[in-house]
Each structure stands twice: as C-alpha cells, then as structure tokens.
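Engineer: Starting off with a structure, shown below.
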Amino acid sequence: MNEITKEIERLKKEKNAVILAHYYVNDEVQEIADYIGDSYYLAKIAGNTEADIIVFCGVSFMGESAKILNPDKTVLVPDLSADCPMAHMAEADKIEEMRKRYDDLAVVCYINSTAELKCHSDVCVTSSNAVKIVKELPNKNIFFIPDENLGRYVAKQVPEKNIILNDGFCHVHADVTAETVKEMKEKYPDALVLAHPECRQEVLDMAEYIGSTSGIIDYAANSKNKEFIICTESGVGYELRTRNLNKKFYFAGERLLCSNMKLNTLEKVCHVLKTGENEVFVNDDIRRNSLTPLDRMLEIAR
Ligand code: 13P
Ligand code: SF4
C-alpha cells in the first residue's frame with residue numbers, strides 16, 4: 001500500500017467516512033473505494049450508509065443526490081467542478097409548458113440532472129431502472145428529460161406509452177459512431193457489442209446487449225463469449241479487466257473519456273478527507289422537492 005492510500009485508510013477510520021466511486025473514475029480511485037457501482041447502486045448505498053461522512057467520487061449530480069437522500073450526513077466531493085454537462089440540458093419552463101399541454105403528464109427525470117430539474121419532476125430514473133419505472137407509471141404521457149437517447153431507448157421498450165423526448169445528450173456517448181462499431185465488428189468478428197443506452201440509436205441497433213455500466217459489467221462477466229466491443233466510457237475497463245482476466249475488451253473509440261469523472265484523484269480524496277473541504281450543500285426547499293422523485297424511484301425500483 002503506498003503512502004497516500006495508507007493516509008486515506010487512516011482518515012477514513014478516524015472520521016467514520018465511506019468512499020463511493022462511479023465506474024468511470026480513475027482506476028486508482030476505484031481501487032480505494034468502499035463501494036463502486038452504477039448510479040442506481042450508489043444512490044441506494046448513499047441512502048443507507050452508517051458512516052458520518054460520504055466522499056462521493058463521481059460528478060456533481062451524484063454528490064447532490066447523496067446529500068438530498070442524507071441531509072444529516074456530510075457529503076464531500078474531491079472536486080467541486082466535476083459536473084455532468086447533460087445534467088443541465090433541460091428547462092423548467094419547457095416542463096411546465098408540457099404539463100399544461102397534457103393533463104396526465106408524468107415528468108420522468110434521468111438522475112443525471114440538477115437538483116433543480118428534479119424539483120420539477122415526478123420521478124427519477126437511472127439507466128438500470130428507467131424501463132421498469134416508466135412501465136409501472138399509471139400515466140400515458142411521459143416527458144423524459146434530459147437525455148434523448150435514453151428516452152428513445154425507453155420508448156422502444158414501452159411502446160404503450162407516449163414518450164416525449166427532450167434534446168439533451170452525453171457528449172462522451174455521442175462520440176461513439178455506428179461507423180466505428182461497424183469497423184470494430186469487422187476487425188473482431190467474434191466480439192459482442194455491449195452499449196450504454198446513452199449511445200445514439202444507430203449504435204444501440206448494433207448492440208447485443210444494452211444496459212447501465214453495472215449491466216454491461218455483469219453481462220460480460222456472465223457471458224461465455226471471450227471478446228467484447230464496449231460502447232461506454234473507458235473507466236468501466238478497470239472492473240471489466242479485474243473480473244475477467246481471460247477476456248478481451250475493445251472500446252468503440254480511442255478516447256471515450258468523461259473529463260469530469262477524471263477530475264477525481266487520490267490526492268483530492270485525501271485532501272477533502274483531511275480538511276473537510278468541498279462539502280455539498282443543497283438548500284432546504286430544493287432538497288425537499290427533489291427528494292420526492294428520488295424516493296419514488298427507490299420505492300418503485302426496489
Ligand atoms: P450508469 O448509471 O449506467 O452508471 O450511468 C451513469 C452515467 O453517467 C452514464 O454516462
Ligand atoms: Fe455525464 Fe456523460 Fe460524463 Fe456520464 S459520461 S457523467 S452522462 S458527461
């Protein structure tokens with residue numbers, strides 16, 4: 001164990017802290033995390049932890065959700081500027097306009113969104129539970145924000161609903177093109193294509209499996225196949241390689257990197273544990289109003 005890892009371990013015990021990390025953060029941060037997972041898993045862990053301090057290694061909507069679910073705990077993030085651009089790609093005014101247009105509208109909000117957008121929503125979803133939750137809603141008309149690709153994917157799985165799409169997107173997943181996947185399929189004909197639903201429709205059409213980061217990792221681990229073309233951020237490679245020493249993973253792009261996720265470093269984790277800096281605060285009104293859709297997600301997805 002190197003010096004910084006030892007120091008993090010010591011501080012964690014001293015302060016009764018827990019480290020949560022998303023699969024997209026740097027390998028060395030995943031290595032020291034107590035829990036690594038997709039957004040749904042991490043939201044559940046954040047809502048149930050006994051620790052006094054949660055250090056959330058991810059992007060701001062994740063730290064924010066942890067605080068909303070745990071107002072009495074201290075939530076620290078290694079870098080306050082680690083944000084998800086897609087989380088801002090919807091507008092409260094448009095949501096209210098849609099509500100006027102459809103009597104029975106449910107606003108379904110991907111967890112990759114600001115707390116403020118969650119306040120205007122009826123239920124949150126993550127990529128691993130969106131289909132299940134939308135299916136179970138009594139509403140026929142659904143406004144799905146902010147991600148258009150995930151919304152379109154859900155619409156295909158739940159054709160009985162009228163799903164209205166919003167034009168948000170993730171620039172990392174938008175960089176995966178059908179041409180690249182096709183070229184890779186030609187190069188590795190035995191490889192299965194595993195894709196995150198934030199990818200473009202034409203990429204999802206080529207995938208053998210579509211799912212969240214955890215879904216992709218579990219699929220690869222349980223498959224008898226030995227080669228996979230991965231259409232999501234390259235951070236999942238750490239868990240894929242750790243769990244599958246005899247399998248090969250090819251990423252559908254040279255630089256499938258979420259630069260915001262990569263702002264989480266060991267040095268910053270150590271620094272916030274030591275100093276208590278970078279605490280996440282959510283104002284009371286926003287917390288109360290955004291808790292309802294988050295709780296509803298946890299309830300329906302259970
Ligand atoms: P997951 O919930 O699948 O981990 O996705 C989070 C995310 O940010 C995808 O870009
Ligand atoms: Fe946001 Fe895309 Fe990064 Fe996920 S990969 S956190 S959706 S920018």
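The values are calculated or read from the model by the stated rules, or taken from the named source; none is laboratory data. Everything numeric here is computed off the predicted structure, so don't read it as measured data. All Cβ positions, even for glycine, are placed from backbone atoms using ideal geometry, and neighbour counts span all protein chains on display. In case anyone asks, the SASA skips ligands and DNA or RNA and just uses the protein heavy atoms, side chains included. Shrake-Rupley method; radii C 1.70, N 1.55, O 1.52, S 1.80 Å.
Engineer: For segment 82-183, what is the Kirkwood estimate of the hydrodynamic radius, computed as the reciprocal of the mean inverse distance between distinct Cα atoms, to one decimal in Å?
Structural biologist: This gives a value of 14.0 Å.
Engineer: Moving to a separate point now. For the chain, with the dipole built from +1 on Lys and Arg beta-carbon atoms and -1 on Asp and Glu ones, taken about the Cα centre, which of Y188, A174, V25 lies farthest toward the positive end?
Structural biologist: With unit charges placed on the Cβ atoms, the residue in question is Y188.
Engineer: On the protein heavy atoms, probe 1.4 angstrom, tell me the percent of accessible surface of segment 220-297 carried by carbon and sulfur.
Structural biologist: Here it works out to 48 percent.
Engineer: Which lysines, if any, have their Cα less than 29 Å from the Cα of K13, not counting same-chain residues under 8 positions apart?
Structural biologist: K44, K67, K73, K262, K268, K274
Engineer: Just to confirm, what accessible area per residue do you get for segment 1-83 at 1.4 Å probe, in whole Å²?
Structural biologist: That works out to 40 Å² for each residue.
Engineer: Return the Cα extents of segment 119-233 along principal axes one, two and three, sorted largest first, each rounded to a whole Å.
Structural biologist: 45, 27, 25
Engineer: How about segment 92-166: which GluC sites (Glu not before Pro) there are in a DSSP loop, with at most 14 other Cβ atoms within 10 Å of their Cβ?
Structural biologist: Working: sites: E96, E97, E116, E136, E148, E160; in loops: E160.
Loop-located and lightly packed - E160.
Engineer: Now, a different point. Using a 1.4 Å probe on the protein chains only, how many percent of the accessible area of segment 1-150 belongs to carbon and sulfur?
Structural biologist: The computed percentage sits at 45.
Engineer: Give, as ranges by residue number, the residues of segment 252-277 whose backbone N falls under 20 Å from the point 7 Å along Cα→Cβ of E186.
Structural biologist: Under cut-off, by backbone N: 252-255.
Engineer: Accessible area per residue of segment 87-246 at 1.4 Å probe, in Å²? Working shown, then result.
Structural biologist: On the way: 6830 Å² over 160 residues.
Per residue, segment 87-246 has an accessible area of 43 Å².
Engineer: How high is the relative contact order of segment 1-99, in percent, counting Cα pairs under 8 Å that sit 6 or more residues apart?
Structural biologist: 22
Engineer: Kirkwood Rh, segment 243-302, all Cα pairs: how many Å?
Structural biologist: Values: mean 1/r = 0.0612 Å⁻¹.
Mean inverse Cα-Cα distance, inverted, gives 16.3 Å.
Engineer: Continuing with this model, one more query. Reachable lysines from K182, Cα under 21 Å, same-chain residues fewer than 8 places away excluded?
Structural biologist: K226, K247, K248
Engineer: May I ask for the percentage of alpha-carbon pairs in segment 132-179 that lie more than 13 Å from each other?
Structural biologist: For segment 132-179, the share of Cα pairs beyond 13 Å comes to 56 percent.
Engineer: For the chain, what does the relative contact order come out to in percent, with C-alpha contacts under 8 Å and a separation of six or more?
Structural biologist: 23 percent.
Engineer: Let me ask something else. Can you give the Rg to Rh ratio for the chain, taking only C-alpha atoms and Rh from Kirkwood? Write down the numbers at each step before the final one.
Structural biologist: Working: Rg = 19.2 Å, Rh = 19.7 Å.
Reported Rg/Rh, Kirkwood definition of Rh: 0.97.
Engineer: Quick one, what does Rg over Rh come out to for segment 151-206 if you take C-alpha atoms and the Kirkwood Rh?
Structural biologist: 1.04
Engineer: Under a cut-off of 20 Å between alpha-carbon atoms, report the lysines in cross-link reach of K135, not counting same-chain residues fewer than 8 places apart.
Structural biologist: Filter leaves K118, K156, K161.
Engineer: Name the residues of segment 101-123 whose amide N is less than 13 Å from a point 7 angstrom out from the Cα of A92 along the C-beta direction?
Structural biologist: Flagged as within label range: 114-121.
Engineer: When the chain is treated as a GNM, springs tying every alpha-carbon pair under 10 Å, which of L150, L266, L76 comes out with the largest mean-square fluctuation?
Structural biologist: Checking each option, the largest mean-square fluctuation is seen for L266.
Engineer: Take the alpha-carbon positions of segment 14-129, form their convex hull, and give its projected area averaged over all directions (one quarter of the hull surface) in nm².
Structural biologist: Over all viewing directions, segment 14-129 projects a mean Cα-hull area of 7.9 nm².
Engineer: Set the Förster radius R0 to 25 Å, insert the Cβ-Cβ distance between E227 and K274 as r into 1/(1 + (r/R0)^6), and round the FRET efficiency to 0.05.
Structural biologist: Working: r = 43 Å, r/R0 = 1.73.
The calculated FRET efficiency here is 0.05.
Engineer: Also, quick follow-up: With only alpha-carbon pairs counted, each pair once and no self-pairs, how large is the Kirkwood hydrodynamic radius of segment 198-302 in angstroms?
Structural biologist: Radius from the Kirkwood sum: 17.2 Å.
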